[in-house]
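Here the structure comes first, spelled out in structure tokens, and everything after it is commentary.
The values are calculated or read from the model by the stated rules, or taken from the named source; none is laboratory data. What you see is a predicted model; the values in this text were computed from it and never measured. Counting neighbours? That spans all protein chains shown, and the Cβs are built from the backbone with ideal geometry, glycine included. Ligands, DNA and RNA are excluded from the accessible area calculation, which covers all protein heavy atoms including side chains. Shrake-Rupley method; radii C 1.70, N 1.55, O 1.52, S 1.80 Å.
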Amino acid sequence: MVVKQLSVFIENRQGRLGEVLDVLKNNNVNILSISLADTTEYGILRLIVNNPELGKDTLLKEGFSALLSDVVIIKITHETGSLQKFLKIISDADISIEYMYGLSVEGASASIVLKTSDTIKATTVLTENGIDTLSGEDISKL
Amino acid sequence: MDIMVVGVGGQGTLLTSRIIGKTALDAGYDVKLSEVHGMAQRGGSVVTFVRFGDKVYEPIAEEGSVDVLISFERLEALRYAHYVKKDGVIIINDCRIDPMTVVTGAKSYPENIIEDLIKSHKVYSIDGLSVAKELGNSKVLNSVVLGFSAKHIGFTLEDWLTMVEKTVPPKTIEINKKAFLAGYNKYEVFMIWNKEIECMSREDVTLLQSERLVKLVDYVYNNVEFYRKKMDAVGVKPSDIKDIKDIVKLPFTTKDDLRDNYPFGLFAVPHSDIVRIHASSGTTGKATVVGYTRDDLEIWAECVARCFSMAGVDKNDIVQIAYGYGLFTGGLGAHGGAEKIGAMVVPMSTGNSKKLTTMMVDFGATAIACTPSYLLHISEVLAEENLLDKIKLKSAICGAEPWTEKMRKEIESKLNIKAYDIYGLSEVMGPGVACDCEYHQGLHVCEDHFYPEIVDSATLQPVAEGETGELVFTTLTKQGLPLIRYRTKDLTSISYDKCECGRTSVRISRFKGRSDDMLIIRGVNVFPSQVEAALIDVEEVTPHYMMIVDRVNNLDTLEIQVEIDPKFYTDEIKGIEKLTKKIGHVVQQALGLSAKITLVQPNTLKRSEGKAVHVTDKRKLY
């Protein structure tokens, strides 16, 4: 399933990240996972939240550059080699990975957020190979 | 020429006079040398005269007739200063040897001798003993002082060195030559390139300017439609201009006029008479084009030669020109003047500091012309490469961007040289419109070619002498692109006082700012409006921007902050980097200058009511 990820552009300046988080907190947007890609000048904050649409709208209203993009979240078992196994499926299907980060760990399984060159195709291939992907609904329940 | 050498016994005054005499003799002059009084024994006052010319009858000069007094001791200089003629020169070896009267307590040694002598004479002093000791032999003091005096006397460096070689004891030839050169290179006061013009009386200058203005107005009225229309519009005819004071009747010219008549509309001669074009950036990307006839180039070289002379450059020098060559006037302009002087010119241009420093050492360059910030950068490169003690540089002619007195001192101490401020603008000519001399009391304007006025930039009325206002130039002799009352937008004041260097030419003070928002970054003229115009073509950003100009490691930096338009936001770093590169390219194309582009969040750049503030200049240049 395709999940909406919330991205925000932030300058590398003290307090900027806090301002973004403030906006989300005040609108009851819950953050489930966070990743910050940084360069010397700016950072891109990527978030998996329970209500991405609300997160985006409120951030835009507060003057931030924010957008939603499609990602895939997969559930894998918490054992050696499982990540490698599913990466092979992706690369065999000629899909490249733009970036990835961890979501959460529950008991014996873990979730990975994946941004790929072709989200729809990735979801299909993964499902065909019996790998669970989370839906937006799953996320909002987390 | 009459030279008087005085000192205290044992200082080598006699040997010094002998070398001067023999050098003059070898140069084909009739020479008379005489020791007047005192004994050459240690401690006594020694006076010798060296007179040379086509024919010399009397061996002893009269009071008030000596051209150069060389004194090896302070008090001795004071004792014989009355022998020096009005525009003569006193050279003092700055040391104190108490005469018997002081030793016995009968008299006290006068204070502030040099300071007092400066009031009535041209005085140059050198601490010769320290120089000699640095060379490891205090006995070569006389050669140091002679070297220091040589340029006031004349003859070539080769003549002097040959004579030093012939006269001193064989074993000491090398050290004496070294000492002579050490003194020679300490020499701080220089030749006036065109004494007739640069030291002309105020009345004569005014007459010359009046005569030239009358001709100029007639010339532009008949040859440039723009001026004819402008003069007709205010009802001024060439016949209304009778002398320089009438200049206030004429309308002003601005950079916009040049732009509106792009490219050649204001030229006063057919293209066949133009032999060169230069151009500088305009306010909206269109260049300001200037054209020169062969005579214009000749006058330009003459003016630059005057400036380089102020900086002590002569034909014995090796000059590196490190301004950009090309459409920019800096490189070729400075080049022409240095060549006219007869110096060995090295056309470095800009952009390769390593090659510049290597050649500076290998060629033994003695002068450099470049922007002050570039020179500071060069000094750092030299320091990094441990080359600072291997350079022979003695003077720098810096310009093309505003700089402070503090920066000048920094350059001088870092490189152990003298630095001079040269001013010019391409519309008027290029570098060489004005330059400061060794006294650094303002920049001498080549006012026989460029008539300066200072006006209030709001009312355009002349301000009083000494008051700050906008500098306006009228090119009195230019043929290709003559300018009438051209508003430079540079803020300065003017002084007609005679300078201590002997020049009478009018001086403008160090610049105090600009009346418009033009920035000079790494020697390039930049208007914020150029950035604005360039950004309009980039749809991914909002029209808001902020330029941050700074000086890091002595090089100007330009950062442009732009707001990313939320509509075009991408969450991939490569996308943002692509955008940054795109903006950087657009800006580079517009300014001819690279800038660091920083994307900022929307709505974060300051919005101001009324006139927007688009520039933060952290350099403190005025």
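What share of all Cα pairs of the range A:2-69, in percent, falls into each consecutive 5 Å distance bin?
Going from the shortest bin to the longest, the percentages are 3, 19, 33, 28, 13, 4, 0.
If packing is taken as the average count of other Cβ atoms within 10 Å, what order do B:366-375, B:136-145, B:501-510 fall into, highest mean first?
Averaged packing, sorted descending, gives the order B:366-375, B:136-145, B:501-510.
Output the peptides B:52-61, B:333-342 sorted from most to least packed, where packing is the average of other Cβ atoms within 10 Å over each peptide's residues. Walk me through the intermediate numbers first.
Working: B:52-61: 13.6, B:333-342: 24.0.
Averaged packing, sorted descending, gives the order B:333-342, B:52-61.
Give me the three principal axis extents of the range B:270-428 from the C-alpha atoms, as integers in angstrom, largest value leading.
For the range B:270-428, the Cα extents along the three principal axes come out at 53, 37, 28 Å.
I'd like to know which of B:Asn142, B:Val234, B:Gln320 lies farthest towards the positive end of the charge dipole of chain B, counting +1 on Cβ of Lys and Arg and -1 on Cβ of Asp and Glu.
Positive-most Cα among the choices belongs to B:Asn142.
Compute, for the protein assembly as shown, the length of the dipole vector about the Cα centre, with Cβ point charges of +1 (Lys, Arg) and -1 (Asp, Glu) only. Units Debye, rounded to 20. Please list the in-between numbers first.
Details: 88 positive and 104 negative charges, 237 e Å.
The calculated dipole for the protein assembly as shown is roughly 1140 debye.
Per-residue ellipticity at 222 nm for chain B, helices alone: DSSP H runs ≥ 4 residues times -39500 (n - 2.57), over residue total, nearest 500 deg cm²/dmol?
Numbers: 19 runs with 213 residues, N = 622.
So the calculated ellipticity at 222 nm is -10500 deg cm²/dmol.
Can you divide the C-alpha Rg of the range B:2-188 by 2.2 N^0.38 Å and report the result to two decimal places?
Details: Rg = 15.6 Å, N = 187, 2.2 N^0.38 = 16.1 Å.
Output field value: 0.97.
Give me the orientation-averaged projected area of the Cα convex hull of the range B:349-398, in nm², one decimal. Intermediate results must be reported in sequence, preceding the final value.
Working: hull surface 12.0 nm².
Hull-based average projected area comes out at 3.0 nm².
Cut-off under 14 Å on the C-alpha distance; same-chain residues fewer than 8 positions from B:Lys354 excluded. Which aspartates and glutamates are left, in chain and number order?
Of all the aspartates and glutamates, those that pass the test against B:Lys354 - Cα under 14 Å, at least 8 places apart if same chain - are B:Asp362, B:Glu380, B:Glu384, B:Glu385.
Mind checking B:599-606 for the average number of partner chain beta-carbons within 10 Å of each residue's beta-carbon? It would help to have the intermediate numbers written out before the result.
On the way: counts 5, 7, 12, 5, 4, 5, 0, 0.
Partner-chain Cβ atoms within 10 Å, mean over residues of B:599-606: 5.
Between B:Gln588, B:Gly183, B:Asn222, whose Cα lies farthest towards the positive end of the dipole of the protein assembly as shown when Lys and Arg beta carbons carry +1 and Asp and Glu beta carbons carry -1, centred on the Cα centre?
Of B:Gln588, B:Gly183, B:Asn222, it is B:Gly183.
How much of the DSSP beta bridge set in chain B is antiparallel, as a percent to the nearest 5?
Details: 55 of 94 bridges.
Here the share of antiparallel DSSP bridges comes out near 60 percent.
Select from B:Leu15, B:Ala268, B:His440 the residue farthest towards the positive end of the dipole of the protein assembly as shown; place +1 on Cβ of Lys and Arg, -1 on Cβ of Asp and Glu, and compute about the Cα centre.
The residue sitting most towards the positive pole is B:Leu15.
Give me the percent of accessible area attributable to carbon and sulfur for the range A:70-141, probe 1.4 angstrom.
Working: 1900 of 3830 Å².
The C+S portion of the solvent-accessible surface of the range A:70-141 is 50 percent.
What is the angle, in °, between the Cα long axis of helix B:202-223 and the longest principal axis of the Cα atoms in chain B? Nearest 10 is fine, range 0 to 90.
30
Under the rule of at least 5 residues apart or a separate chain, name every residue whose amide H is placed under 5 Å from the amide H of B:Gly399.
Under 5 Å from the amide H of B:Gly399 lie the amide H atoms of B:Cys370, B:Thr371, B:Ile422, each far enough along the sequence or on another chain.
Please compute, for peptide A:1-7, the average count of beta-carbon atoms on other protein chains lying within 10 Å of each residue's beta-carbon.
On the way: counts 0, 0, 0, 0, 1, 1, 4.
For peptide A:1-7, the averaged partner shielding equals 1.
Assign unit charges at the C-beta atoms only (+1 for Lys and Arg, -1 for Asp and Glu), then state the dipole size of the range B:13-127 relative to its Cα centre in Debye, rounded to the nearest 20.
140
With a sphere of radius 13 Å drawn around the Cβ of B:Leu15, what net charge do the other residues whose Cβ falls strictly inside it have (Lys, Arg +1; Asp, Glu -1)?
On the way: positive: B:Arg18, B:Lys22, B:Lys139, B:Lys166; negative: B:Glu35.
Net charge in that neighbourhood comes out at +3.
What per residue convex hull volume, in Å³, comes out for chain A when only alpha-carbon positions are used?
Values: hull volume 16.7 nm³, N = 142.
Convex hull of Cα atoms, per residue: 118 Å³.
Over all directions, average the projected area of the Cα convex hull of the range B:521-617 and note it in nm².
Working: hull surface 26.0 nm².
Orientation-averaged projected area of the Cα hull: 6.5 nm².
Can you give the angle from 0 to 90° between the axis of helix B:173-186 and the longest principal axis of chain B, with both taken from C-alpha atoms, to the nearest 10?
Approximately 50 degrees, to the nearest 10.
Which residues of the range A:33-58 bury at least 30 Å² of accessible area once all protein chains are present, versus their chain alone (1.4 Å probe)?
SASA drop of 30 Å² or more in the range A:33-58: A:Glu41, A:Tyr42, A:Ile44.
Over both sides of the B-A contact, add up the buried accessible area with a 1.4 Å probe and give it to the nearest 100 Å².
On the way: alone 27910 and 7930 Å², together 34170 Å².
Separately minus together, B and A give about 1700 Å² buried.
Pull up all non-local amide H partners of A:Tyr99: gap of 5 or more, or a different chain, and H-to-H distance under 5 Å with H placed in the peptide plane.
When sequence neighbours closer than 5 places are left aside, the close amide H contacts are A:Lys115.
Here are some pairs, B:Lys229/B:Lys512; B:Lys166/B:Lys340; B:Lys32/B:Lys85; B:Lys32/B:Lys122; which of them have Cα atoms lying more than 30 Å apart in this structure? Don't jump to the answer; show the numbers that get you there.
Numbers: B:Lys229/B:Lys512 34 Å; B:Lys166/B:Lys340 33 Å; B:Lys32/B:Lys85 19 Å; B:Lys32/B:Lys122 25 Å.
Long pairs (Cα-Cα over 30 Å): B:Lys229/B:Lys512; B:Lys166/B:Lys340.
According to the square roots a ≥ b ≥ c of the eigenvalues of the Cα gyration tensor, what is the shape class of the range B:392-545, taking rounded for a/c under 1.5, prolate for a/b larger than b/c otherwise, and oblate for the remainder?
Working: a/c = 2.00, a/b = 1.31, b/c = 1.53.
Note, shape of the range B:392-545 comes out oblate.
Normalised radius of gyration for the protein assembly as shown, please: alpha carbon Rg relative to 2.2 N^0.38 Å, two decimal places. Walk me through the numbers on the way to the answer.
Details: Rg = 36.2 Å, N = 764, 2.2 N^0.38 = 27.4 Å.
After normalising by residue count via 2.2 N^0.38 Å, the value is 1.32.
Which whole number gives the average count of other chain Cβ atoms within 10 Å of the Cβ atoms across peptide A:64-75?
On the way: counts 6, 14, 3, 6, 1, 3, 0, 0, 0, 0, 0, 0.
Average per residue, whole number: 3.
Tell me the net charge near B:Leu297. Cut-off is 14 Å between Cβ atoms, B:Leu297 excluded, with +1 for each Lys or Arg and -1 for each Asp or Glu. Spell out each step's value before the answer.
Working: positive: B:Arg276, B:Arg294, B:Lys340, B:Lys478; negative: B:Asp273, B:Asp295, B:Asp296, B:Glu298, B:Glu302, B:Glu339.
Here the charged neighbours net out to -2.
Carbon-plus-sulfur fraction of the accessible area of chain B, 1.4 Å probe, in percent? Please report the intermediate quantities before stating the final value.
Details: 13950 of 27050 Å².
In chain B, the share of accessible area belonging to carbon and sulfur is 52 percent.
Holding the Cα-Cα limit at 19 Å, pick out from A:Lys121/B:Lys578; B:Lys581/B:Lys618; B:Lys195/B:Lys498; B:Lys286/B:Lys596 the pairs that are longer than that.
Numbers: A:Lys121/B:Lys578 26 Å; B:Lys581/B:Lys618 25 Å; B:Lys195/B:Lys498 14 Å; B:Lys286/B:Lys596 23 Å.
As for pairs spanning more than 19 Å Cα to Cα, those are A:Lys121/B:Lys578; B:Lys581/B:Lys618; B:Lys286/B:Lys596.
Nearest 20 debye, what's the magnitude of the dipole of chain B about its Cα centre given +1 on Lys and Arg Cβ and -1 on Asp and Glu Cβ?
Working: 75 positive and 85 negative charges, 165 e Å.
Around 800 debye, computed over chain B.
Considering amide H positions built from the backbone, and no H for Pro or chain starts, which residues 5 or more places from B:Gly432, or on another chain, come under 5 Å of its amide H?
B:Tyr423, B:Gly424
If you roll a 1.4 Å probe over the heavy atoms of the protein chains, what accessible area per residue do you get for the range B:2-188, in Å²?
Details: 9040 Å² over 187 residues.
In whole numbers, the range B:2-188 has 48 Å² accessible per residue.
With a cut-off of at most 16 other beta carbons within 10 Å, and DSSP calling the residue loop, which GluC sites (Glu not before Pro) in the range B:167-255 qualify? Please list them.
On the way: sites: B:Glu174, B:Glu188, B:Glu196, B:Glu198, B:Glu203, B:Glu211, B:Glu225; in loops: B:Glu188.
For GluC sites (Glu not before Pro) across the range B:167-255 that sit outside H, G, I, E and B with at most 16 neighbouring Cβ atoms in 10 Å, the list reads B:Glu188.
Calculate the all-directions average of the projected area of chain B's alpha-carbon convex hull, and give it in nm². Please report the intermediate quantities before stating the final value.
Working: hull surface 136.3 nm².
Projected area, direction-averaged: 34.1 nm².
What's the local net charge at B:Gly430, with K and R +1, D and E -1, over the other residues with C-beta under 12 Å away? Before the final figure, lay out the partial values.
Numbers: positive: B:Arg276, B:Lys478; negative: B:Asp296, B:Glu427.
My count for the surroundings of B:Gly430 gives 0.
Quick one: Kirkwood hydrodynamic radius for the range A:70-141, alpha-carbon pairs, angstrom, one decimal?
Numbers: mean 1/r = 0.0814 Å⁻¹.
After inverting the mean inverse Cα-Cα distance, the result is 12.3 Å.
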